[in-house]
Amino acid sequence: MKHQYKKEVIVFLATTLILSFLVFWGPIAFFKIPTVNLVDGPVGPVWAILLFVTGGFVPSIAGIALTGYYEGKTGVRNLLKSSVHYGFSAKWYFLMLASALFIALASILIYITLGKDFDFSQFAIQLPTLLPLIILGPLSEEFGWRGFALKRMLKVTSPNVASLIIGLVWSLWHLPLFYMVGTSQYEFGLPFIVFLISVTSTSFAYTYYYIKTKGSLLSAIFLHWVFTYGMQVVASTVERTEMYNWLEFLPALSLGLFYAILIHRYSGKFKS
């Protein structure tokens, strides 16, 4: 059975990367075609915008489709139910929110240490973006990364190894964005290695809460949601410098190490 789970995870990861690199985001990045410009500049043709937006949903589409292929309608139904399974203790919501707040505030501290001022009112001003943000990231990705891949990897390897592998592939999936005209990754010249360290590090937090909430996909959706909001506020407010770009991974790395140690320390008590 473990061999089958490994095969299913490999199929998911390969499918997600191939679709991203060769069908949706890769061609747009390679030919430098503008799409939905997230910084400043021209908006691209409708077909390119559709490729860009659809590409963002590839992990969840692949996760749901492959769940249906391997588990049938019952598996899909259970996956969808897991995404609204909110019946875990309120303390986990609080701790996930605290984790997102830590990364945001630690990033701001780095920014202030570099001699800059931060407008904290942006956390209130940007609150209306909370609702659309749940679609861009949490719902478009988590049915794949955690709902399909993590669920299976926890049955064949340790939580920390699963976190590392998913985190690395999750980061790599974003690579075309760093060559795509109009994205913040491209326009701000963000180093991919910094992004890779940050995303891979946060993967350990997702795993911890997924296990602690007994496999509730809602935990991953909620965590992704508050992470995305916090970092959006920071990213849209700071004036980027080369030094800040290179130091930006430190909060996520610190958080990731904390959860990796926590997972290792209590791994014997975890039930997948």
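The values are calculated or read from the model by the stated rules, or taken from the named source; none is laboratory data. Quick caveat: nothing in here was measured; it's all calculated off a predicted structure. FYI the Cβ positions are ideal-geometry reconstructions off the backbone, even for glycines, and counts take in every protein chain you see.
Values for this structure:
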item: Exclusive hit being under 21 Å from the mean Cα position of the chain (by Cα) and either modelled with pLDDT of 95 or more or farther than 22 Å from Leu172 by Cβ (or both), set Leu22, Leu38; result: Leu22
item: Filter result (more than 14 Å from Tyr244 (Cα to Cα), touching a residue at least 24 places away in the same chain (Cβ under 8 Å) and over 24 Å from the mean Cα position of the chain (by Cα)) within the stretch 115-125; result: Asp119
item: Pairs where the first residue, in the stretch 48-67, is closer than 14 Å to Leu13 by Cβ and the second is of a type in the set (Val, Ile, Thr) and surrounded by 22 or more Cβ atoms within 10 Å (Cβ to Cβ), C-beta under 6 Å, 6+ apart; result: Val58/Thr16; Pro59/Thr16; Ala62/Thr16
item: Test: residue in the stretch 94-107 that is modelled with pLDDT of 95 or more, touching a Phe, Trp or Tyr at 6+ places or on another chain (Cβ under 7 Å), over 14 Å from Val226 (Cα atoms) and not aliphatic (A, V, I, L, M); result: no
item: Output for the stretch 73-90, where each listed residue is assigned to a helix (DSSP H, G or I) and under 14 Å from Ser216 (Cβ atoms); result: Asn78, Leu79, Leu80, Lys81, Ser82, Ala90
item: Gly55 in a helix (DSSP H, G or I), in contact with a Pro (Cβ under 7 Å, 6 or more places away or on another chain), crowded, with 16+ Cβ neighbours inside 10 Å and not acidic (Asp, Glu); result: no
item: Any chance Phe52 is among the aromatic types (Phe, Trp, Tyr), under 23 Å from the mean Cα position of the chain (by Cα) and under 18 Å from Trp170 (Cα atoms); result: yes
item: The one condition in (1) farther than 25 Å from Val156 by Cβ; (2) in contact with a Ser or Thr (Cβ under 9 Å, 6 or more places away or on another chain) that Leu66 fails to fulfil; result: (1)
item: Exclusive hit being outside any helix (DSSP H, G or I) and modelled with pLDDT of 95 or more, set Phe143, Phe118; result: Phe118
item: Pair list, Cβ under 6 Å, 6 or more apart: the stretch 102-114 residue closer than 9 Å to Val234 by Cβ and of a type outside the set (Ser, Thr, Tyr), other residue modelled with pLDDT of 95 or more and part of a loop (DSSP other than H, G, I, E, B); result: Ile108/Phe118
